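Trainee: Below you'll find the structure I mean.
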């Protein structure tokens, strides 16, 4: 999947965002330099919420990260168009 120049984050730019409910989501690249098989993952670190509830952490393969990105974009388009959600609505952050 090609990325337009304006969509790319400069290497020095912060790779996290804070949601409207106060959770920080950090997105980073994790590289494990094993001698026989180097491993790279895209990590998501969802921090604690404003009520100090624990967050979550995930390490995704590059294909999984691309699939997640596609799913997020589809859902963003549906939300922008004020379309009915495909699945059950969740109100928690």
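Trainee: Show me 57-69, 28-40 ranked by packing, highest mean number of other Cβ atoms within 10 Å first.
Mentor: The most tightly packed comes first, giving 57-69, 28-40.
Trainee: Here is a further query. Take the Cβ-Cβ distance between residue 16 and residue 66 as r, set R0 to 25 Å, and report the resulting FRET efficiency rounded to the nearest 0.05.
Mentor: Rounded to the nearest 0.05, the efficiency is 0.80.
Trainee: Mind giving me the FRET efficiency for residue 77 and residue 32? R0 is 41 Å, r the Cβ-Cβ distance, nearest 0.05 is fine.
Mentor: That gives a FRET efficiency of 0.75.
Every number here is computed from the coordinates shown, using simple stated rules; none is lab data. Everything quoted here is computed from the prediction, not taken from an experiment. We place every Cβ from the backbone using ideal geometry, glycine too, and count neighbours over all the protein chains shown.
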